[in-house]
Amino acid sequence: MSGPLQGRVALVTGASRGIGLAAAGALRDRGARVVITSRSEERAEEAARRLGDGVSGFGAHATDEEAARACVEHIVASYGRLDVLVNNAGTNPAHGPVIDQDHARFAKTMDVNLWAPILWTSLAVKAWMGEHGGSVVNTASIGGLSVARDVGVYHVSKAALIHLTKQLALELGPKVRVNAIAPGVVRTRLAEALWQENEARIAAATPLGRIGEPGDLGEAVAFLAGDGARWITGETLVVDGGQLLGNGAL
């Protein structure tokens, strides 16, 4: 498939469904060969089959250093390059007030949402991007730019990821660009608790009149990964239909 990313190779973590799957599809549609990961190799391969030619799956939990290294080495050995990394894997097991969370839930949230992007970026840079160049896109959240009840640990992890995006952009330029997307409420399983019973209310309070769809974010990822964003680094692109603006109600 031809397109602006023809000849490039992309890796998307946590991409068996939702935003990651949509991002993989958008990159594939622009000509990239794409490898997607999931905790389950079976789910990764099934998702790759749904997307079709140019996409393959690899079983690797986001925080499994051995599996992550094996994945990156497999890509470079198989395709000879790794141009785009999308750090999409995320989790949110810590519901409720921050002071009521235990260390296990805090650590899991930070490991997946913050440490994993460091791990995968390090591997990609050392295996290919540091010498040849590339683009990293992190999936953050508008929660990293605001506060809300009951999801505080998740929001803190995403605020840290936004800062990490800037730090990595500084450290890895000019060879590697690092940016992030900050989704609002999107129709994904991870965000199901936010929208499933409240979709009409959220849509009414959103200036563009609806919650997000995974494809909205996939397009944003593809933009940041491609040459149209070649002079953009260290930035976080909010993709929320205007949810951070509110609806103007007093």
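At-a-glance table
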quantity	calculated
Strands (runs of 3 or more DSSP E) contained entirely in the range 14-97, each with at least 2 residues that are open to solvent by 30 Å² or more (accessible area, probe 1.4 Å) and in contact (Cβ under 8 Å) with a residue 12 or more places away in the chain	55-59
All positions within the range 1-35 that are hydroxyl-bearing (Ser, Thr, Tyr) and under 15 Å from residue 181 (Cα atoms)	13
Verdict on residue 122 being under 15 Å from residue 178 (Cα atoms) and without any contact (Cβ under 8 Å) to a residue 12 or more places away in the chain	yes
Wholly enclosed helices (runs of 4 or more DSSP H) of the range 149-250 bearing at least 1 residues touching a strand residue (DSSP E or B) at 6+ places or on another chain (Cβ under 7 Å), in contact (Cβ under 8 Å) with a residue 60 or more places away in the chain and surrounded by 13 or more Cβ atoms within 10 Å (Cβ to Cβ)	152-172, 214-225
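The values are calculated or read from the model by the stated rules, or taken from the named source; none is laboratory data. Since this is a predicted model, take the numbers as computed values, not measurements. When we count neighbours, we look across all protein chains shown, and the Cβ atoms used for this are built from the backbone with ideal geometry, even at glycine. We work out accessible area using only protein heavy atoms, side chains counted, and drop any ligands, DNA or RNA first. Shrake-Rupley method; radii C 1.70, N 1.55, O 1.52, S 1.80 Å.
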